[in-house]
1. Could you tell me the extents of region 76-123's C-alpha atoms along the three principal axes, largest first, rounded to whole Å?
2. Which part of region 42-59 falls in the paramagnetic zone of residue 99, meaning amide N under 17 Å from the point 7 Å along Cα-to-beta-carbon?
3. So what's the chain giving for Cα Rg divided by 2.2 N^0.38 Å, two decimals?
4. With the contact rule set at Cα under 8 Å and sequence spacing of 6 or more, what percent relative contact order holds for the chain?
5. Can you give the angle from 0 to 90° between the axis of helix 45-64 and the longest principal axis of the chain, with both taken from C-alpha atoms, to the nearest 10?
6. Starting from the Cα of residue 86, move 7 Å in the Cα-to-Cβ direction to define the label point; list residues of region 104-138 whose amide nitrogen is under 16 Å from there.
7. In nm, what is the difference between 0.36 nm times the number of residues separating residue 125 and residue 112 and their Cα-Cα distance?
8. With labels modelled as points extended 7 Å from the Cα through the Cβ direction, what inter-label distance (nm, one decimal) is found for residue 150 paired with residue 37?
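Coordinate-derived values only; no laboratory data. What you see is a predicted model; the values in this text were computed from it and never measured. Note that each Cβ is placed from the backbone with ideal geometry, even for glycine, and that neighbours are counted across all protein chains shown.
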Ligand SMILES: [Zn+2]
């Protein structure tokens, strides 16, 4: 699965979980599941570079965007994003040396768990749907928390 998809869905899942350590662990475990979902990895080096930059940008947004920090003071979204991003860091080794698939450590990379494969268009649709579902669940939680805060502020403003 694309690194960006891991990071965005991991951040959303982390926010939904709400606690940093469980969010990081769930993010890490979700990497296994998402790599097994049928997808198509980039064919070219440039595809990997674009995905890496987009993933990095998503991580920076989750880490730095004030609105996210305000609604998620425990930083569970950031922990979820980092947990789900982490396994793919081992893939960077191939930039420095030739490596056989079996030499990777993560079960979804060394072939222990089969990597799901599908047509590029289907892969894009699957990944966009996954991101859409995860972000809409996170936005729903955000909206509910906002409404709760607003009603609590209204109650305290109305009391003598
Ligand atoms: Zn992976």
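1. 35, 30, 20
2. 42, 45, 48-49, 52
3. 1.19
4. Values: 220 pairs, mean separation 58.0, N = 160.
Over the chain, the number comes to 36 percent.
5. 20
6. In region 104-138, the label zone of residue 86 (backbone N under 16 Å from the point 7 Å along Cα→Cβ) covers 105-109.
7. Details: separation 13, 0.36 × 13 = 4.68 nm, distance 2.59 nm.
The span from residue 125 to residue 112 would gain 2.1 nm if fully extended.
8. In this crude label model, residue 150 to residue 37 measures out at 3.1 nm.
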